[in-house]
Every structure is written in C-alpha cells, then in structure tokens.
Amino acid sequence: MSLDAYLVEARTQEIVPRRERPIEQEKLSLQFKTEDATEFSEAFLVSSSYDGESKTALLKFYEPVSHKVLSLHDRSGHQPYCFSDLSTEELSGIGQLISHPGLDRFEKITKYDLLRDTPAQFTKIVAKDPLAIGGRPSGCIRDIIPQNSKGKIWEADIPYRDCYIYDEQLALGMPYQLSDGKLSPKPYKLMQQEEEAISKIFENESQELKDHADRWIPLLQSPTTELRRVALDIEVATEIPTRLPDANEAKQQVLCVSLLGSDGTRRVLLLERPGVEFGDVRLPQGVSIERYEDEVRLFIEIFKALLDYPFVITFNGDNFDLRYIFHRAENYLGFSRAQIPIELGKESATLKYGVHIDLYKFFFNRSIQIYAFGQRYKENTLDSVGEALIGVQKLKMDNLLKASYSELAAYCYRDAQITLELTRFDDSLVMRLITILSRIARMPFEDTSRQGVSRWIRSLVYSEHRRIGAIIPRSEDILATKGVTATEAIIKGKKYKGAIVVQPKPGVYFNVSVLDFASLYPSIIKKHNLSYETILCPHQECRSNIVPDTPHWVCTKKRGLSSLIIGSLRDLRVKWYKSKAKDKTLLHVTRSWYNVVNQALKVILNASYGVFGSEIFSLYCPPVAEATTAIGRYAITETIKEAERLGIEVVYGDTDSIFLRSPRPDQIERLTEWTAKQLGMELDVDKLYRYAALSSRKKNYLGVFPDGSVDIKGLTGKKRNTPEFLKKAFEDMVKTLSGVQTEEDFGRARQRIREIVRTCYVKLKNKEYTLEDLAFNVMLGKSPDRYTKTTPQHLKAATQLSSAGLEVVEGDLISYVKVYGSPGVKPLQLASINEVDTDKYMDYVESTFDQVLDALGLEFNEILGIVRLESFFGITVPTRKPVEREFEEEEEVEETG
DNA sequence: GCGGACTGCTTACCT
DNA sequence: ACAGGTAAGCAGTCCGCG
C-alpha cells in the first residue's frame with residue numbers, strides 16, 4: 001500500500017537531525033517566571049488568583065496583539081478579610097484570635113444590612129493571607145470566633161480571588177488598559193442610534209433600573225477578541241483495555257499527544273516503542289508527526305506548549321489529561337513541581353501561565369446543555385457533543401496497544417480536533433459564551449467554565465453587594481426569618497407549589513394561536529419587586545402588600561437587589577437582544593454577537609427564579625421562589641378568565657402559555673392589552689398552528705405549522721429511550737399528519753396511519769427489524785450499586801453487561817431489548833433476534849400511537865383490533881421482504897388476543 | 001399461590 | 001447540584017380469594 005504525501009513528509013522528518021539540548025537544561029528552562037506588565041493599551045482580563053509567593057492578588061490579562069498572557073499583581077495593598085459583629089474590644093478579648101499568626105488588624109466599619117434595612121456596625125478582621133481566614137481544615141480565624149447570637153462571622157467563605165474582583169469592581173472578560181501603573185476599563189460608547197433606542201426601552205422605568213441597565217451595556221457590548229488557544233489530548237497505555245487509566249497513579253507511559261492550535265499548528269507527538277509498525281492510516285494534510293524516543297522529551301514538548309498558549313482546551317483535562325501529565329511527570333519522569341506548568345486542585349487543573357478550559361465541565365452544565373444548545377446533544381461524551389454540534393465523531397479504536405503509530409496518531413488527533421473545533425464553530429460561540437458569562441458573573445474564565453448557574457448568579461449578586469456597600473447576608477440569617485413556605489406542592493417531597501398546567505380539551509383544533517408571557521418569572525421578579533430582602537421585609541407598613549395565594553408580603557419602600565439585577569437583564573434581553581439576534585439586516589458579525597449575548601442572558605434568566613428555591617444557592621430564599629410561582633399562577637388564571645370573557649376558547653395552557661382556538665385578531669389584541677394594563681406583563685403571540693392535536697394528557701401535543709413543519713411535545717414517539725423502529729414509524733405518522741390541510745384530509749390520513757401501524761406489527765412478528773432497531777436506550781442515572789429500592793429493567797440489562805465483563809458506569813446509555821422469560825430483558829450486545837418478545841413490543845407500539853390517535857379522535861383500538869384479528873385468522877400480510885417463521889412463535893403472539 | 005389495586009421508583013419530558 | 005409538574009412503565013406490597 002502506498003503512503004500518502006504527508007506520511008512521506010513525516011518520515012522525512014525522522015532523518016533530520018534534531019539539535020537537542022541536554023534534558024536537564026531543557027527542564028530548567030521550564031521554570032515559570034513572569035514579570036508584571038507595565039503598560040498596555042488593550043488586554044482582556046481573564047483570570048484572578050492569589051499568588052502565595054508575593055502574598056497578593058494576581059490578575060492575568062490576554063493581550064490580543066502579541067497573543068500573550070500579561071500578569072499584574074495588586075499594588076493597592078488589598079488584603080483578605082471578613083466581618084464580625086463583635087466590637088474590636090470584644091474581639092481583642094479572644095486570645096486565640098489575637099495570637100493568630102495570620103491576623104493583621106481590626107477596622108471599624110459601617111455596612112448596610114439589607115435584611116434589617118438599616119446600616120450596621122461591623123469589625124473588619126483583616127488577615128495577612130487568605131488561608132488565615134478560612135480554607136485550612138482547622139485553626140482558621142472564621143472557626144476561632146464563637147458563633148453565638150452575637151459574635152457571628154460574615155463573608156469568610158468568599159475565595160480571595162473573587163473578593164478582590166468584587167472590591168475592585170472588575171469584570172472578567174472585559175478589555176482594560178494599563179498606563180502609568182494605573183489599570184482602567186476601556187471606555188465603551190454606544191452609537192447614538194443605539195443609545196436612543198435603548199433609552200427608549202427604559203423610559204418608563206425607575207432611575208435605579210436605568211442605572212443598572214447603563215452598567216450592563218459596556219459588559220454586554222464591549223468587543224471581544226479571538227483567543228489564541230491549543231487543544232490538548234493524550235493517549236495512555238493501559239493494563240486493562242476496558243478501564244480508564246488512573247490519573248492519580250499515572251503508572252503507564254503516555255503514548256501519544258495531540259496539540260492543535262487555533263494558529264494552525266497541528267502536531268502529533270508519538271512515543272517510540274519497540275515492535276510498533278508505522279502503519280498506513282491517513283491523517284489530514286499538514287499534520288506533523290513527531291516521534292520521541294524518550295518520554296521526558298515528549299513531556300518537555302507538552303510543557304513548552306502549556307507555557308506558550310494563553311488558553312489550553314481539553315475535554316476532561318481536569319480529571320484526566322492534565323492530572324495524568326502532572327503525576328506522570330512528578331512521579332515517574334523526574335520533573336520537579338517548579339518545572340511542571342500545571343497546578344492541581346481537588347477537582348480542577350489550572351495552568352501557571354495561561355487558562356485551562358475543560359469543555360467536559362462546560363458542556364456537562366445542564367443550563368448550557370438545555371438553554372444554550374437546545375438539548376442538541378444528549379450524552380456528555382466528546383463523541384456525542386462533537387457529533388451533535390459540529391458533525392464530527394471520534395474514530396473507532398479497539399486496542400490502543402495493538403494500534404500502529406499512524407492509527408494511534410489519527411485517533412488522538414481526531415479527539416483534539418473535535419475539542420478545538422468545539423471552541424471554533426459558529427464564530428467561536430463557546431469561547432464567546434464563556435467570555436460574556438464571565439463578564440456578567442464577574443468570574444474568572446476558569447470558574448465560569450466549570451461552575452453551575454447558581455454560582456454565576458451568586459457571584460454576580462455578591463459583587464453587587466460590595467458595590468453598594470451592603471453586607472453579604474449569611475445564609476442562615478436569611479433562612480431564620482424567611483425559611484418557611486406556605487403553599488403545598490402537588491408533587492410529594494417538593495417544597496412549594498409550582499406552575500399551573502391547564503387540563504387540555506382533547507381534540508383537533510384548526511388555527512390555534514399560542515400566546516405566552518415573555519420571560520414570565522423574571523418579569524414577575526422585576527414587576528413585583530422580589531428579592532431576599534424585600535419579601536417579608538421588616539416594615540410594618542408593607543404587610544398589606546400580599547402575594548396572591550400566599551401569606552407573604554413584599555416591600556413597598558425599597559427596590560430589591562435581585563429585582564433590579566434580573567429586571568434590567570430581562571428588559572435588555574426581551575426588548576433588545578432577542579430581536580437583534582434574529583435581525584437579518586444586521587452584519588453577520590454583529591448579529592453573531594447579539595446571538596451570543598442573547599444565549600447567555602437566556603441561561604441566566606431562566607435560572608434566576610429557580611436558584612431561590614435551591615438549598616445550594618447561598619441566597620436561598622424559598623418564599624421568593626414561592627411568591628414567583630404564585631404570581632405566575634395568578635397571571636395565567638386571570639388571563640384565561642379574561643380570554644373567556646372575551647369569548648375566546650382556551651384549549652390548553654402550561655405555566656406561561658395559553659392555546660387559543662381560532663381567535664380573531666381583535667380578540668387577541670384586547671387580551672394582550674388587558675394583561676399589559678391589569679397585570680403589567682407582556683403577553684405575545686408565540687406560535688400559530690394550522691392545527692393542533694391535543695389528547696387528554698398534559699404536556700403532550702402535536703402542532704402543525706402553516707408550512708407543514710411539526711411541533712411534537714412530550715410524545716413517546718420522540719423520546720430518547722424509544723426504540724428506533726418505533727421512532728421511525730412515528731415519524732411516518734407525523735409526516736402524514738403534516739400534510740393534513742382540512743378536516744376532510746383526516747380520512748385519508750387515517751387510512752395511511754393504519755397502514756403504518758399494520759406494517760409495524762407485521763414486521764415485528766416476522767422479525768424483520770434488527771436488534772438495534774428494537775433496542776430501548778435508557779440512561780443509567782446512578783452507579784449500579786446505588787439502586788437499592790427497585791431493580792429497573794435497564795439496570796437488569798446493565799448487570800448482565802457487567803457479568804459479561806463490560807464495565808458500566810453512571811451516565812452510560814444502556815441499550816436493551818425485551819425478551820421472553822425471566823428477567824425479560826437482555827442487553828443489545830448479548831441478545832439474539834429470536835428471543836425478542838413481540839407481544840411486549842406490540843403493546844408499546846399501541847400506547848405510543850394511542851397518544852396521538854385519541855387526540856385525533858381516531859379509533860385506534862379498532863385499527864389495532866383489525867390488525868390483530870387478521871393475524872388471528874392467519875391472514876398473512878405481505879411485506880417487502882417476507883421471512884419464514886416457525887409456527888410456535890405465531891401461537892405465542894396470539895395468547896393475549 | 002395468584003392477580004388486581006395500589007404506591008413508589010425511575011427516566012424522560014415540559015415550562 | 002436552578003425550580004416544580006406530568007407521563008409512562010415497572011417493581012414491590014398488600015389483600016382478597018374457597
């Protein structure tokens with residue numbers, strides 16, 4: 001077999017003598033050192049940390065011309081601190097505190113207490129280093145002070161890097177300039193037209209809300225820059241091929257490393273091993289393959305890259321690639337920690353020079369998955385995400401150790417390629433999302449890309465407290481006065497009542513208008529002034545301002561912090577970014593950015609209500625969440641009543657939407673005017689269906705748009721776990737339905753659907769489907785040993801897999817088929833077509849089609865009855881490819897009939 | 001001992 | 001580790017049934 005051009009090139013490279021410096025000399029050159037920047041005209045703040053050596057805050061900037069990371073240590077003398085309500089005298093009486101080596105001094109200070117709505121005296125306890133405050137397992141200042149009714153500690157659990165950002169009111173991801181040793185944000189100015197359009201949006205709002213919006217503008221509008229980055233992926237030798245090597249042990253050699261730069265660099269580094277063939281697997285043009293006899297030299301190359309690129313992108317690098325490299329380098333290859341440009345945390349790996357972004361963590365984030373990417377990928381694997389977002393899959397590989405060099409290289413290269421591409425597609429959407437979220441959350445890129453939405457919102461709100469000089473409340477203090485809920489949830493075990501789902505009126509309706517409230521919950525939080533400090537506020541005179549369906553009252557005297565923050569963001573999204581993101585008249589680059597901001601705001605706003613009902617949120621305040629849903633219920637029920645008064649038939653509704661049966665334009669107009677006037681909320685026409693088919697089931701419907709495209713919600717036919725054969729049959733039915741224009745058309749559709757079901761049944765009976773077609777695909781939600789209450793079917797299948805030596809872990813998608821006998825299921829890998837329980841499948845077909853057909857008022861049972869009857873009388877229905885069947889199986893199928 | 005009524009567990013979905 | 005509400009299938013339990 002002939003070698004292609006690149007292979008020749010790669011082989012030629014071998015005979016070029018390398019000028020290699022001695023290893024020890026190379027290692028020494030790896031020691032990371034940096035000097036502070038003295039001046040720059042534009043650089044983007046990307047990271048904040050505490051530098052233990054200089055005992056100061058350290059900022060990292062990305063300078064887009066040189067593509068370098070610039071450092072800047074704090075020179076203001078900022079120090080770590082926390083607050084106590086004890087006086088300096090009282091604190092001085094605590095011997096252990098006074099003698100604490102980390103204590104620097106006390107300061108008297110006044111901070112605003114939002115919970116009590118009054119200024120309050122605090123003592124600022126200033127420390128010499130952050131670990132003195134907290135973070136060590138014992139002996140920290142925050143643990144020394146006795147926690148009594150008086151004698152509490154505030155703000156001791158904020159990481160110092162965040163504390164510094166909040167105090168300096170810095171925003172990560174923003175452009176800054178440094179001149180004469182002075183750091184300042186790059187000024188941003190809107191174009192006059194934009195300025196006018198935006199001020200019009202807020203013309204009827206309070207000054208406070210306007211001020212918030214004004215502060216958001218530069219954060220949301222300032223330009224971003226292309227971030228120079230490298231994707232890194234490693235392959236490691238394993239003893240057991242099915243198991244992932246232990247990154248903390250790092251016992252085995254690193255066999256291959258791919259480094260793909262956004263600058264066009266495409267390197268694959270291979271470790272030479274005896275007896276390995278080069279092979280003839282092709283790699284893309286321009287990939288350079290480098291072969292190393294010595295693993296240490298290979299590592300030196302990795303480290304040089306980690307000291308060169310401002311951003312390093314991995315997929316699971318926190319827990320694998322960088323962790324493995326670190327331990328391998330330290331434990332087996334004789335590198336000192338000073339020579340390894342990686343720092344390991346408990347759950348993350350960071351870099352001494354640049355910023356490490358682990359895409360696994362970012363894509364795993366449920367908010368990102370759902371709101372930013374619309375659930376386009378369903379599994380959190382590089383393969384699944386890559387396939388869904390950029391259409392590139394991983395290469396297949398059976399055994400790393402048996403692979404040729406070129407095969408290994410191609411495999412490893414592909415992984416790095418997907419990783420890099422995931423940060424590049426859609427004009428670097430992912431990098432820009434991380435940037436804009438960091439700006440909004442005031443969080444370093446490293447944290448934004450790793451943490452969840454509750455941390456983003458926490459950080460944003462904390463920064464706001466510092467800006468206005470308010471003490472950040474202790475979670476237990478919020479809970480003490482505002483911890484109880486008054487409504488009862490419908491679902492057992494939930495804390496409070498949620499949204500209303502209107503009982504659908506079953507049937508087919510032509511010309512259905514779907515109206516919904518724009519950003520319902522954020523609108524409520526804005527309009528009704530909801531915030532932890534305003535709900536159940538301390539003022540007697542506010543107690544009559546009651547939230548419907550609850551005993552809670554809301555402050556009438558002061559605007560709540562979260563109401564302002566969420567309210568201003570909501571208005572900017574609903575009235576500016578949402579439409580701009582869709583505006584085809586804008587330049588591509590402009591619209592692309594509006595789209596990024598729109599996505600980011602969507603993620604934040606969608607979670608803004610939920611966090612108040614979540615214990616892990618540091619400002620957890622259940623009455624805020626409860627009041628939000630209560631007002632939501634009030635809004636939708638009142639709107640339905642008004643619709644009915646206007647003579648409009650409401651056939652369905654869920655949380656923030658109502659489905660109206662062929663309303664006249666003037667009726668819609670009167671209704672939306674009414675909600676604007678009476679509820680102060682915007683009700684918009686969201687969708688128009690040519691017809692909608694509703695069954696009696698909530699959250700289950702099918703809507704056909706005028707252009708024939710179809711909305712399917714909640715139906716089994718499109719669920720992930722549904723077997724492929726059924727999804728296809730369902731799809732056929734949907735196609736038929738999408739062609740229905742008038743009531744008369746349903747007659748023909750009915751015939752066609754009958755055919756589809758019949759074919760499905762016959763093919764099942766004749767075993768014409770493949771096992772893959774028949775497989776249910778169910779996610780293993782937790783590790784197998786943690787199922788203690790019941791043994792679901794997918795677990796039974798998973799157990800059989802483990803017995804067969806195939807490891808299953810939490811998060812795996814288990815594929816199984818239903819078979820005769822006990823336990824009734826078999827994993828796809830172990831099953832054969834002859835044992836498939838056709839009857840069970842037929843039941844499943846029935847219930848899947850039932851969901852739609854009883855909506856259409858079609859007698860599905862009749863169709864099914866006929867189909868079954870035909871087979872009962874032995875009428876054979878020819879299909880495309882008839883298959884011979886044994887008589888007994890025929891019998892078995894009939895038993896239930 | 002067996003099956004129907006019931007509850008609870010689990011997953012996947014909707015807003 | 002943002003929330004609650006809903007559907008569906010199955011596992012497990014209780015109880016009646018000569």
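The values are calculated or read from the model by the stated rules, or taken from the named source; none is laboratory data. Please read these numbers as outputs of a predicted model, since none were measured by experiment. Here the Cβ is made from the backbone with ideal geometry for all residues, glycine too, and neighbour counts use every protein chain on show.
Just to be sure, is residue A:238 closer than 16 Å to residue A:324 by Cα and at pLDDT below 95?
It is true that residue A:238 is closer than 16 Å to residue A:324 by Cα and at pLDDT below 95.
Quick one: which of A:364, A:425 is surrounded by fewer than 19 Cβ atoms within 10 Å (Cβ to Cβ) and within 16 Å of DNA strand B (Cβ to nearest atom)?
One residue alone meets the criteria, A:364.
For the stretch A:795-847, which residues satisfy the criterion of being without any contact (Cβ under 8 Å) to a residue 12 or more places away in the chain and either more than 13 Å from DNA strand C (Cβ to nearest atom) or not small (Gly, Ala, Ser) (or both)?
A:803, A:843
Please go through the stretch A:639-682 and give me each residue that is under 34 Å from the mean Cα position of the chain (by Cα), away from DNA strand C (no atom under 16 Å from the Cβ) and charged (D, E, K, R), ordered by number.
A:682, the sole residue that qualifies.
Scan the stretch A:156-185 for residues that are in a loop (DSSP other than H, G, I, E, B) and closer than 20 Å to residue A:76 by Cα and report the count.
9
When the residues of the stretch A:772-809 are narrowed to those that are modelled with pLDDT under 90 and touching a Ser or Thr at 6+ places or on another chain (Cβ under 6 Å), which ends up nearest to DNA strand B (Cβ to nearest atom)?
Here the residue is A:808.
Restricting to the stretch A:348-383, give me the number of residues that are among the small types (Gly, Ala, Ser) and under 25 Å from residue A:598 (Cβ atoms).
3
Considering only the stretch A:524-568, how many residues are among the acidic types (Asp, Glu) and either in contact (Cβ under 8 Å) with a residue 24 or more places away in the chain or not assigned by TED's automatic domain parsing to the domain that holds residue A:497 (or both)?
Residues flagged as among the acidic types (Asp, Glu) and either in contact (Cβ under 8 Å) with a residue 24 or more places away in the chain or not assigned by TED's automatic domain parsing to the domain that holds residue A:497 (or both) within the stretch A:524-568 amount to 2.
Is it the case, given these coordinates, that residue A:792 is without any contact (Cβ under 8 Å) to a residue 40 or more places away in the chain, within 22 Å of residue A:843 (Cα to Cα) and either away from DNA strand C (no atom under 13 Å from the Cβ) or surrounded by fewer than 18 Cβ atoms within 10 Å (Cβ to Cβ) (or both)?
Yes, satisfied.
Residue A:668 is checked against (1) within 16 Å of DNA strand B (Cβ to nearest atom); (2) aliphatic (A, V, I, L, M); (3) farther than 21 Å from residue A:631 by Cα and fails just one. What number does that condition carry?
(1)
Considering only residues that are among the small types (Gly, Ala, Ser), assigned to a strand (DSSP E or B) and within 16 Å of DNA strand B (Cβ to nearest atom), which ones fall in the stretch A:504-520?
Listed by number, the list holds a single entry, A:513.
For the stretch A:287-299, does any single residue satisfy the condition of being at pLDDT 95 or above and in a loop (DSSP other than H, G, I, E, B)?
No, every residue in the stretch A:287-299 fails to be at pLDDT 95 or above and in a loop (DSSP other than H, G, I, E, B).
Quick test for you: out of A:560, A:610, A:632, pick the one residue that is farther than 30 Å from residue A:112 by Cα, out of contact with any Lys or Arg (no Cβ under 6 Å at 6 or more places or on another chain), modelled with pLDDT of 95 or more and of a type outside the set (S, T, N, Q).
A:632
Test residue A:520 against the stated conditions and say whether it is under 18 Å from residue A:612 (Cα atoms), surrounded by 22 or more Cβ atoms within 10 Å (Cβ to Cβ), out of contact with any Asp or Glu (no Cβ under 8 Å at 6 or more places or on another chain) and in contact (Cβ under 8 Å) with a residue 60 or more places away in the chain.
no
Has the stretch A:678-691 got at least one residue that is in contact with a helix residue (DSSP H, G or I) (Cβ under 8 Å, 6 or more places away or on another chain) and either near DNA strand B (Cβ under 10 Å from one of its atoms) or under 30 Å from residue A:766 (Cβ atoms) (or both)?
There is no residue in the stretch A:678-691 that is in contact with a helix residue (DSSP H, G or I) (Cβ under 8 Å, 6 or more places away or on another chain) and either near DNA strand B (Cβ under 10 Å from one of its atoms) or under 30 Å from residue A:766 (Cβ atoms) (or both).
Of all residues in the stretch A:655-672, count the ones that are closer than 25 Å to residue A:526 by Cα and part of a loop (DSSP other than H, G, I, E, B).
Looking only at that region, the number is 2.
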